[in-house]
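Structure first, commentary second.
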Amino acid sequence: MRNYLASFIGILLFINTSYSQVPTKNSSSDIYHAIQKLNFLGSALYIAAHPDDENTRLISYLSNEVKARTAYLSLTRGDGGQNLIGPELRELLGVLRTQELLAARRVDGGQQFFSRAVDFGYSKHPNETLKIWNKDSVLSDVVRMIRKFKPDVIINRFDHRSPGTTHGHHTSSAMLSFEAFDLASDPTSYPNQLNDLKTWQPKRLFFNTSWWFYGSEEKFKAADKSNMLSFDIGVYYPMLGVSNNEIASLASSQHRCQGFGRLMTRGTQNEYIELLKGNMPADKNNVFDGIDTTWSRVEGGEAIGAILYEIEKNYNFKNPSAHIKELIKAYQLLQEIPDTYWKEIKSEELKDIITTISGLYLEASSKDAMAIPGSTAEINIEVVNRSSSDIKLKSVVISDLVSADKDINLTDNDKQEFKVQLNIPDDISYTSPYWLNKKGTLGMYTVEDPDLIGNPETPPAFHAVFNLEIEGYPIAIDKPVIHRYSKPDHGELYHPFDILPVATASFQDKVMIFADGKPKKVPVSIKAHRDNIKGEIELCYSKGWIVDKESKPFEIKNKGDEQIVFFELTPPESEDESFISPIIKVDGKELSKELVTIAYDHIPTQSVLLPTEAKVVRLNIKKVGEHIGYIVGAGDDVPKSLEQIGYQVHTIDPNSINAETLSKYGAIVVGIRAYNVVPELKFKQKYLFDYVKKGGNLILQYNTAGRWDKQYEDIAPFPLKLSRERVTNEDSEVEIIGKDHELVNYPNKITNDDFKGWVQERGLYFPSEWDSKFTPILSMHDEGETAKEGSLLIAPYGKGNYIYTGLSFFRELPAGVPGAYKLFANMLSIGKSDVKQKTPIKG
């Protein structure tokens with residue numbers, strides 16, 4: 001499996017090497033595959049709304065079978081979803097999902113683009129979506145990417161004709177694509193883009209339909225397919241040793257934070273696309289039929305094609321370097337064609353093939369993983385020619401800042417290695433996702449540099465240009481400066497070379513709840529990114545709050561060390577919501593950034609710089625009980641939030657659940673999607689029900705319907721049917737229909753004011769049917785819909801209480817929403833007015 005994965009990931013060297021730090025290792029078959037792609041001059045753009053929306057089967061088919069230059073434009077970065085593998089949510093989740101998309105493209109052979117749209121959560125209608133997104137801005141981004149990528153064919157994942165029937169983001173992506181198809185060729189449409197780009201008219205627009213859009217396989221079989229093209233995307237690639245649908249399955253499995261790991265699929269599998277605009281191909285199995293995708297497409301291309309087609313026809317699998325001279329000649333001719341678009345694209349592809357076919361290894365690696373502005377970095381240069389080709393290294397230039405002139409003959413397999421000192425400019429930008437550098441809106445990221453719009457990630461801080469002479473012809477090869485290192489348990493690893501501030505600060509808790517008027521110690525962690533830093537840190541706060549001392553000194557000797565400085569913060573007497581932030585003063589500079597590192601094995605490590613701030617909430621809240629058991633689900637910060645209001649939260653190992661281990665808790669909370677991701681629970685349900693029967697409170701947070709083992713059908717002691725019902729408007733009116741119920745009266749009185757300031761949504765996956773023993777507490781609905789009463793249900797069972805809630809506490813509590821805290825405290829306290837839990841829990 002490892003060799004199989006390496007084989008077709010190697011192909012991606014010839015598509016875009018900037019997406020991964022790890023150098024690709026290519027076989028002779030990989031090189032031949034790249035030459036085939038080099039000889040296809042056609043492009044396809046796939047458009048949808050989110051990470052995981054893309055059809056990896058079709059993207060892989062277009063890239064690997066058709067050999068087309070293929071890309072996926074995801075309008076959002078998936079910021080509004082959940083995370084099954086870690087704590088990242090919101091903008092940090094968007095960074096993680098961006099990298100997972102790039103990982104998927106490294107597998108299926110596509111490229112990746114984005115608009116500036118934010119995934120603000122589920123939307124029921126494109127009217128809402130396009131209002132929050134700012135339709136004109138997102139439409140301009142789609143037009144920009146069409147003009148920039150110049151696709152011959154565009155394929156929409158969703159149907160623009162079905163508003164209100166699926167996620168509003170989905171339909172909006174298709175509607176915007178449908179409109180942009182014509183606007184991209186109109187010079188009066190977004191004319192400011194034409195300073196750097198040219199108008200472009202794609203030839204065809206399709207909708208990637210399937211039986212799902214028709215409601216059943218039977219209806220789709222009976223549907224008129226005269227306006228559709230179809231492909232068998234299960235084709236097998238002997239050269240790669242895998243089938244297209246196997247590649248697609250592995251690509252989809254890169255979406256790990258969404259739980260998309262899946263089994264490989266094989267065999268014949270038909271894919272359908274419906275023509276929306278443009279002319280129908282005569283060959284309904286060929287999306288590019290009638291479009292010139294040969295070298296004849298460009299002026300002067302026939303001579304280039306004559307060389308490259310001959311190489312493809314008579315490719316030397318045993319010794320690919322035998323073609324080096326012909327490839328150099330083709331490269332020379334390519335530099336003379338007037339079509340700058342295809343010249344740039346094919347020059348990069350051809351350079352990659354030339355360097356790979358000659359076994360050239362080129363690397364610029366920093367001694368350290370990061371540097372600060374004004375410092376000096378040691379860069380190790382390694383060059384190896386692993387062929388008999390005549391190659392000279394003339395010089396290495398790093399971002400026009402340092403140049404090493406060498407003029408070295410690179411003989412076969414003789415490694416050349418040397419070091420250069422790189423002086424980091426004082427005014428260089430820090431490394432961080434470019435779309436997070438400026439504060440955006442609910443629906444849009446702010447990107448000031450239009451050249452960055454659409455890019456999947458921030459360009460590397462530095463590039464090393466290797467100026468070579470190959471078979472007597474000058475060729476410059478560009479490589480990002482990286483950090484290569486090893487770990488005993490992993491071996492060789494690669495890390496981006498990052499530029500960071502001299503120091504960063506962070507709060508231990510992003511939300512601090514003050515349940516009374518007592519002061520709290522607020523720890524601020526300062527991390528040094530240079531040896532011997534000395535300065536002071538100041539805490540900024542709002543009127544009404546009191547700090548013991550406004551600034552405090554600090555001194556850190558070693559790079560990478562941290563020092564914690566404590567401020568004592570006293571809240572106002574009345575309820576209040578505010579923010580605090582630190583300012584670090586070092587060397588005459590003021591710094592106020594937090595460094596967040598996102599590190600997983602399947603993506604390059606990401607350094608994210610965000611404004612350092614914490615929300616502070618003075619909250620008059622009451623609670624009963626002390627010890628809470630928590631069964632962790634798909635990852636959320638609810639346990640930490642409950643600790644903020646004085647609960648002691650104990651994580652329960654599902655394997656340890658029995659009558660004795662549960663009895664010591666005043667209440668038990670089951671985390672979000674626990675029944676979807678914790679298989680052990682299907683064997684423990686009886687113990688949870690017995691716990692309730694004996695007087696405990698059991699709170700189940702939302703689970704997704706239909707994504708669990710059949711043994712989970714009875715998740716409640718009485719009949720309860722989950723659905724996909726949700727209320728997406730976080731400001732929707734809430735009616736308290738159980739006004740007299742203890743749940744909204746003790747120990748905190750819950751009013752409509754407690755539903756103000758909620759974020760992203762009210763809740764999701766509400767039950768649609770329930771036994772009469774359940775009491776619904778709240779009613780809510782989105783505009784134009786009927787009331788939904790399943791967001792919060794409670795039923796007495798034996799001596800205790802069973803609660804199911806689809807309210808999005810996993811978003812509201814970490815966001816410091818006061819009303820959410822009060823309501824959750826009531827759920828934990830119900831029926832416990834006489835309970836005084838003072839005995840410490842052991843183990």
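Every number in this text was worked out from the coordinates using simple rules, so none of it is lab data. Since the structure is predicted, the reported quantities are computational estimates derived from the model, not experimental observations. For neighbour counting, all protein chains shown are included, and Cβ atoms are generated from backbone atoms with ideal geometry for every residue, glycine included.
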Task: Under 5 Å, built H, 5+ apart or other chain: amide partners of Ser366 - done: Asn380, Ile482, His483, Arg484
TODO: Eight or more residues apart or on different chains, and alpha-carbon atoms under 27 Å: count the Lys pairs in region 358-498 matching that.
DONE: 23
Open item on the list: As a test of the definition: which semi-axes, in Å, follow for region 21-138 when you take the square root of five times each eigenvalue of its alpha carbon gyration tensor? Largest first, please.
Closed with: 31, 18, 10
- [ ] Could you rank the peptides 351-359, 56-64 by their average count of other C-beta atoms within 10 Å per residue, with the highest value first?
- [x] 56-64, 351-359
TODO: Report the FRET efficiency, 1/(1 + (r/R0)^6), for Trp200 and Ser28, where r is their Cβ-Cβ distance and R0 is 41 Å, rounded to 0.05.
DONE: 0.70
- [ ] Sort region 113-221 into rounded, prolate or oblate with this rule: let a ≥ b ≥ c be the square roots of the eigenvalues of the Cα gyration tensor; rounded if a/c is under 1.5, and if a/c is not under 1.5, prolate when a/b is larger than b/c, oblate otherwise.
- [x] oblate
Open item on the list: Using the Cα atoms of region 374-462, I'd like the radius of gyration and the largest Cα-Cα distance, Dmax, both in angstrom.
Closed with: 18.9, 58
Task: Solvent-free Debye scattering, log10 I(q)/I(0), computed from the Cα coordinates of region 663-770 at q = 0.15, 0.20 Å⁻¹ - done: -0.82, -1.27
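I'm checking a number: the convex hull volume of the Cα atoms of region 313-415, normalised per residue, in Å³. What is it?
Given the Cα convex hull of region 313-415, per-residue volume reads 154 Å³.
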Open item on the list: So if I place +1 on the C-beta of Lys and Arg and -1 on the C-beta of Asp and Glu, and nothing else carries charge, what would the dipole magnitude of region 503-618 be about its Cα centre? I want it in debye, nearest 20.
Closed with: 260 debye
Task: Point-charge dipole on Cβ atoms (K/R +1, D/E -1) for region 347-398, about Cα centre, debye to 20 - done: 180 debye
Task: From phi via Karplus (6.51, -1.76, 1.60), per-residue ³J(HN,Hα) for region 382-388 in Hz, x at Gly/Pro - done: 10, 9, 9, 9, 10, 7, 8
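Where does each of 360-367, 297-304, 490-497, 338-345 land if you order them by average Cβ count within 10 Å, highest first? Let's see the in-between values first.
Values: 360-367: 19.4, 297-304: 16.9, 490-497: 15.4, 338-345: 13.9.
Ranking the peptides 360-367, 297-304, 490-497, 338-345 by packing returns 360-367, 297-304, 490-497, 338-345.
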Open item on the list: Stokes-Einstein diffusion coefficient for the chain at 10 °C in a medium of 1.306 mPa s, Rh from the Kirkwood formula over Cα pairs: what value in µm²/s?
Closed with: 53 µm²/s
Task: For region 349-497, diffusion coefficient by Stokes-Einstein and Kirkwood Rh (Cα), 10 °C, 1.306 mPa s, µm²/s - done: 92 µm²/s
Open item on the list: Quick check on the chain: helices-only [θ] at 222 nm, where DSSP H runs of length 4 and up contribute -39,500 (n - 2.57) each and the sum goes over total residues. Nearest 500, please.
Closed with: -6500 deg cm²/dmol
Open item on the list: Treating region 435-552 as a set of equal point scatterers at the Cα positions, no solvent, please give the Debye-formula log₁₀ I(q)/I(0) at q = 0.09, 0.13 Å⁻¹.
Closed with: -0.55, -0.96
- [ ] Quick one: grab Rg to one decimal and Dmax as a whole number for region 627-829, Cα atoms only, in Å.
- [x] 15.6, 49
Task: Whole-angstrom gap from region 645-667 to region 73-105, using each part's C-alpha centre - done: 32 Å
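Quick one: work out Rg over Rh on the C-alpha atoms of region 158-239, Rh as Kirkwood radius.
Details: Rg = 17.3 Å, Rh = 15.8 Å.
Rounded to two decimals, Rg/Rh equals 1.10.
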Open item on the list: In 10 Å bins starting at zero, report the fraction of Cα pairs in region 572-664 per bin as a rounded %.
Closed with: 11, 24, 29, 24, 10, 2, 0
Task: Two-site label geometry, Ile408 and Phe579: point separation in nm, points 7 Å out along Cα→Cβ - done: 5.1 nm
Open item on the list: I'd like to compare 279-287, 764-772: which one has the highest average count of other Cβ atoms within 10 Å, and what's the full order after that?
Closed with: 764-772, 279-287
- [ ] List every residue whose amide H lies under 5 Å from the amide H of Asp339, counting only residues 5 or more places away in sequence or on a different chain, with H placed 1.01 Å from N in the peptide plane.
- [x] Glu299
TODO: Please report, largest first and rounded to whole Å, the three semi-axes of the ellipsoid equivalent to region 224-345, where each semi-axis is the square root of five times an eigenvalue of the C-alpha gyration tensor.
DONE: 33, 24, 15
- [ ] Report the Stokes-Einstein translational diffusion coefficient (µm² s⁻¹, integer) for region 648-707, Rh taken as the Kirkwood radius over Cα pairs, at 20 °C with viscosity 1.002 mPa s.
- [x] 179 µm²/s
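Looking only at Cα atoms, what is the convex hull volume of region 503-618 per residue, in Å³?
Measuring per residue, one finds 109 Å³ for the Cα hull of region 503-618.
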TODO: Kindly write out, for region 770-785 in residue order, the coupling ³J(HN,Hα) from the Karplus curve 6.51 cos²θ - 1.76 cosθ + 1.60 (θ = phi - 60°), rounded to whole Hz, with x marking Gly and Pro.
DONE: 7, 5, 5, 6, 7, 10, x, 9, 10, 10, 7, 6, 7, 4, x, 10
- [ ] Round to a whole angstrom and tell me the spacing of the C-alpha centers of region 483-509 and region 293-362.
- [x] 38 Å
Open item on the list: Could you derive backbone 3J(HN,Hα) for region 734-749 from the dihedral phi with the Karplus parameters 6.51, -1.76 and 1.60 (θ = phi - 60°), listing whole Hz in sequence and x where the residue is Gly or Pro?
Closed with: 10, 9, 8, 8, x, 4, 8, 6, 4, 4, 10, 10, 9, x, 10, 7
TODO: Give the shape of region 603-710 as rounded, prolate or oblate, defined through the alpha-carbon gyration tensor: a ≥ b ≥ c are the square roots of its eigenvalues, a/c under 1.5 means rounded, and otherwise the shape is prolate if a/b is larger than b/c and oblate if not.
DONE: oblate
Open item on the list: What does the extension gain come out to for Met264 and Asp232, with contour length at 0.36 nm per residue minus their alpha carbon separation?
Closed with: 9.9 nm
Open item on the list: Please list, ordered by chain and number, the residues whose modelled amide H lies under 5 Å from the amide H of Glu725; skip anything fewer than 5 residues away on the same chain.
Closed with: Tyr765, Phe766
TODO: Just report the Cα centroid separation between region 760-774 and region 554-584, whole Å.
DONE: 40 Å
Task: Average Cα contact separation per residue, the chain, under 8 Å, 6 or more apart, as relative contact order % - done: 9 percent
